[in-house]
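See structure below.
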Amino acid sequence: MSLRRPEWPEVGDLVIATVERITDYGVYVRLDEYDKEGLLHVSEVASRWVRNIRDYVREGQKVVLKVLRVKADKGQVDLSRRRVTKRDKKEKIQSWKKDRKAESLLRTAAEKLNISFEDAYEQGGALIENAFGALYEGLEKTAKDGVEVLLELGINQELADALTEIAQDKIQVSLVNVKGILELQNPSPKGVLVIKDALRQAQEVGEAEGAEVAIYLVSPPNYRIVVAAEDYKSAESILEKSTDSAIDYISKNGGKGSFSRET
């Protein structure tokens with residue numbers, strides 16, 4: 001059993017395929033995610049004229065293709081290689097690798113609990129996919145935030161514990177960092193304490209948003225703040241909230257502050 005997906009791809013989808021047969025007029029491939037055969041016509045192999053198809057593909061090669069036409073009643077899928085951009089290819093391969101890894105982790109959990117993969121999928125995998133859009137994204141979130149992520153979806157404790165243990169062991173959560181310099185000044189006798197409280201405020205605000213926040217002294221009155229989050233959009237937003245809170249706090253306590261973004 002594979003992860004839940006339709007029986008056939010849709011027009012415009014990117015698919016992973018394995019080259020099976022090469023002819024003068026095109027390439028027959030096996031769609032790995034659907035177990036269907038497809039045809040890559042010679043006219044869709046490359047943007048320029050193709051003298052020899054074998055200069056572009058070989059038997060057994062994995063390729064990223066775009067679906068042009070689907071005729072399910074005839075069991076026919078027409079594909080294109082030349083319409084796949086470098087970015088399309090990179091993103092599809094990354095997504096495919098994540099799907100395969102997620103399925104492998106779910107199988108490991110099923111074996112650990114001595115249940116079938118089908119049962120593990122229905123009791124856990126399907127719920128994760130419904131909530132996060134993809135199994136890997138849900139398991140990555142679990143690796144970061146713990147078993148409560150799965151329990152809140154209604155997954156039973158035993159399966160949730162097994163998936164959490166496996167995810168935390170096998171998935172390395174990647175975070176992106178954004179940073180900048182906070183300049184905080186307070187001339188009052190308690191200025192040092194006010195600055196410390198402002199920095200603590202910035203850190204607490206960031207961590208409450210689910211980010212990792214580190215603050216380092218550069219040289220008074222400058223402090224470097226580094227926010228690590230799951231994606232740049234979140235990291236930038238949290239960095240703004242953290243620094244705004246510090247500046248607001250010190251301004252209300254007789255000081256002044258500013259922030260400059262570092263690249």
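The values are calculated or read from the model by the stated rules, or taken from the named source; none is laboratory data. Bear in mind the structure is a predicted one, so any value in this text is a computation, not a measurement. Ideal geometry is used to build each Cβ from the backbone, glycine not excepted, and the neighbour counts take in all protein chains shown. Quick note on the areas: whole protein, heavy atoms, side chains included, nothing else; ligands and nucleic acids left out. Shrake-Rupley method; radii C 1.70, N 1.55, O 1.52, S 1.80 Å.
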* To do: Output the peptides 144-151, 238-245 sorted from most to least packed, where packing is the average of other Cβ atoms within 10 Å over each peptide's residues.
  => 238-245, 144-151
* To do: Post the alpha-carbon centroid distance, the stretch 14-73 to the stretch 98-150, in whole angstrom.
  => 32
* To do: Apply the Kirkwood formula to the stretch 46-111: the hydrodynamic radius equals the inverse of the mean of 1/r over all pairs of different alpha-carbon atoms; give it in Å with one decimal.
  => 14.6
* Please give the length that would be gained between Ser47 and Arg82 if that part of the chain were fully extended, namely 0.36 nm times their separation in residues minus their C-alpha to C-alpha distance (nm, one decimal). => 12.1 nm
* Asked: In angstroms, what radius of gyration and Dmax does the stretch 1-123 have, counting Cα atoms only?
  -> 16.4, 55
* Counting only Cα, what are the radius of gyration and maximum Cα-Cα distance Dmax of the chain, in Å? -> 25.8, 85
* To do: Report, ordered by chain and residue number, the lysines lying within cross-link reach of Lys196, taken as a straight Cα distance under 26 Å and ignoring same-chain residues fewer than 8 apart.
  => Lys179, Lys241, Lys252, Lys256
* FRET E, pair Glu118, Arg261, Förster distance 35 Å, beta-carbon r, rounded to 0.05 -> 0.10
* Measuring from label point to label point, each 7 Å out along Cα→Cβ, what is the Asp32 to Leu193 span in nm? -> 6.2
* Carbon and sulfur %, accessible surface of the stretch 1-44 computed with the full protein complex present, 1.4 Å -> 47
* Structure fact -> Rounded to the nearest 10 Å², the accessible area of Glu152 using a 1.4 Å probe with every protein chain kept is 150
* **Solvent-accessible heavy-atom area per residue, rounded to whole Å², over the chain at 1.4 Å** => 57
* **Hits among aspartates and glutamates - C-alpha to C-alpha of Lys66 under 12 Å, sequence gap 8 or more where chains match** => Glu10, Asp13, Glu44, Asp78, Asp88
* the stretch 74-155, accessible surface, carbon-and-sulfur percent (1.4 angstrom probe) -> 43
* When we measure straight from the Cα of Lys170, which aspartates and glutamates land under 12 angstrom away, once same-chain ones fewer than 8 places off are left out? -> Glu140
* Within the chain, longest stretch clear of exposed chymotrypsin sites (Phe, Trp or Tyr not before Pro) (DSSP loop, no more than 16 other Cβ within 10 Å) -> 50-263
